[in-house]
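The values are calculated or read from the model by the stated rules, or taken from the named source; none is laboratory data. Just so it is clear, the model here is predicted, and its values are computed rather than measured. A quick note on method: Cβ atoms are made from the backbone with ideal geometry, for glycine too, and the neighbour counts reach across all protein chains shown. Heads up: the accessible areas ignore ligands, DNA and RNA and are worked out on the full protein's heavy atoms, side chains in. Shrake-Rupley method; radii C 1.70, N 1.55, O 1.52, S 1.80 Å.
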Amino acid sequence: MIKVITPGFYATIQDLGRFGCQHFGVPHSGAMDAYSASLANRLLGNNKEAALIEMTMTGAKLEFNCSTSICITGADMLPQLNVAKIPLNKSIAIQTGDILSFGKTSMGFRCYLAVSGGINSEKVMNSRSMYKNITKHHVLAKNDILPIIESSAIKAKNASVKVNKAHFLSETIEVYKGPEFYMLSKAERHELFATKFVISKDNNRMAYQLEQTLANNLDAIITSLVMPGTVQLTPSGKLIILMRDCQTTGGYPRILQLKESAIHVLAQKYTGHSFSFKLLDY
């Protein structure tokens, strides 16, 4: 088991998401940066669906009440095991009584902690991903006790991998045309791809809003399906990029759709970071 001494700014349990429930109005949820989350589980020999801890901006302080193995990926929150620095993207042995702590992020925005076997939290609609009003709790809290699934996985001792820093530093977000892209004028399309956008303070697991606006005269659409990575354009010109905890329908024109890997990249950016959209061919 793992005891949460302090949870940090915003820590949750996530897996790859809650699928097949959107017709009930239930969001996908799941790890914001699914690439980093999946990497942590792979290095431990876990099932790809194994639940892990996602930490945002600042990390938690945790006590292990068993011997196990862990792997930390994603943002570098300067992890320490019993006050000794430990590396990211590597399988690390844990002993009973060990204390794992994190600081503020030095690169990236979301950090992932996987444990051998995975976190054995409640499963609702085939997922352990936390979401308000779906799971009993929607964030980790002080003194929470997290059970671990016993693992028989065979894993390489000290398994590690080098991650390309472009995953955190890239200023390009790759997109496809959205269903209502055709509603944009030629001038609006040019501006959309010529502008360097800045992430506003309004960014979270539901959506990222951008500071720059795109003037338009687009009509609202009949409420239609949306999904993580959908880019909506409001009448005021506000661009809203939907993320993992987004609603399932919306009435704003869906002008772009992020490539799945672009959602991972964007999840590691925060207020003040800038980027440009790059249109991909179908």
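How large is the dipole of region 167-258 about the Cα centre if only Lys and Arg carry +1 and Asp and Glu carry -1, each at its Cβ, rounded to the nearest 20 debye?
About 80 debye.
Highest mean first, how do 271-280, 7-16 rank when packing is the count of other Cβ atoms within 10 Å averaged over residues?
Packing proxy ranking, top to bottom: 7-16, 271-280.
Could you work out, for the chain, what percent of all Cα-Cα pairs fall into each 10 Å distance bin, beginning at 0 Å and stopping at the bin that holds the largest distance?
The percentages, shortest bin first, are 7, 29, 32, 20, 9, 2, 0.
Quick check for you: which residues of region 28-63 have the amide N under 19 Å from the point 7 Å beyond the Cα of S106 toward its beta carbon?
55-61
Could you tell me the ratio Rg/Rh of region 155-279? Both radii from Cα atoms, Rh via Kirkwood. If you can, show how the numbers build up before the last one.
On the way: Rg = 15.6 Å, Rh = 15.1 Å.
Taking Rh as the inverse mean 1/r over Cα pairs, Rg/Rh reads 1.03.
Name the residues of region 1-23 whose amide N is less than 14 Å from a point 7 angstrom out from the Cα of K61 along the C-beta direction?
Under cut-off, by backbone N: 3-9.
Starting from the Cα of K142, draw a straight line to each of the aspartates and glutamates and keep only those under 13 Å, dropping any in the same chain fewer than 8 residues away.
Candidates past the 8-residue exclusion: E63.
Once ligands and nucleic acids are excluded and a 1.4 Å probe is used, how much of V26 is accessible, expressed in Å² to the nearest 10?
10
Could you tell me which of F24, L192, H137 has its Cα farthest along the dipole of the chain towards the positive end, charges placed at Cβ (Lys, Arg +1; Asp, Glu -1), taken about the Cα centre?
Selected residue: H137.
Round to a whole angstrom and tell me the spacing of the C-alpha centers of region 45-68 and region 169-190.
Taking the Cα centre of each part, region 45-68 and region 169-190 sit 37 Å apart.
Assign one of three labels to region 1-60, namely rounded, prolate or oblate, based on the Cα gyration tensor with a ≥ b ≥ c the square roots of its eigenvalues; rounded applies when a/c is under 1.5, prolate when it is not and a/b is larger than b/c, and oblate otherwise. Write down the numbers at each step before the final one.
On the way: a/c = 2.04, a/b = 1.30, b/c = 1.57.
The shape class here is oblate.
Take the residue pairs K48/K123; K123/K177; K123/K201 and return only those whose Cα atoms are more than 24 Å apart. Kindly include the intermediate steps, with their values, before the conclusion.
Working: K48/K123 16 Å; K123/K177 35 Å; K123/K201 32 Å.
K123/K177; K123/K201, as the Cα separations exceed 24 Å there.
Compute, for the chain, the length of the dipole vector about the Cα centre, with Cβ point charges of +1 (Lys, Arg) and -1 (Asp, Glu) only. Units Debye, rounded to 20. If you can, show how the numbers build up before the last one.
Values: 30 positive and 21 negative charges, 91 e Å.
It comes to approximately 440 debye.
Around G178, which amide H atoms from residues at least 5 apart in sequence, or from another chain, sit under 5 Å from its own amide H, with H modelled in the peptide plane?
Under 5 Å from the amide H of G178 lie the amide H atoms of L256, Q257, each far enough along the sequence or on another chain.
For the chain, what does the accessible surface come to per residue with a 1.4 Å probe? Please give it in Å².
Details: 13130 Å² over 282 residues.
Averaged over the residues of the chain, the accessible area is 47 Å².
Restricting attention to the alpha-carbon atoms of region 69-194, what are Rg (one decimal) and Dmax (integer), both in Å?
20.1, 62
Could you go through region 200-208 in sequence order and give the Karplus-derived ³J(HN,Hα) for each residue, using 6.51 cos²θ - 1.76 cosθ + 1.60 with θ = phi - 60°, rounded to whole Hz, and x for Gly and Pro?
Coupling constants for region 200-208: 7, 6, 8, 9, 7, 5, 7, 6, 10 Hz.
Compute a Gaussian network model of the chain, connecting alpha carbons closer than 10 Å, and tell me which residue from H138, H28, H190 fluctuates the most.
Looking only at H138, H28, H190, the largest GNM fluctuation is found for H190.
Quick one: Debye curve from the C-alpha atoms of region 1-145, no solvent, what's log10 I(q)/I(0) at q = 0.11, 0.13 Å⁻¹?
Values returned for q = 0.11, 0.13 Å⁻¹ are -0.36, -0.50.
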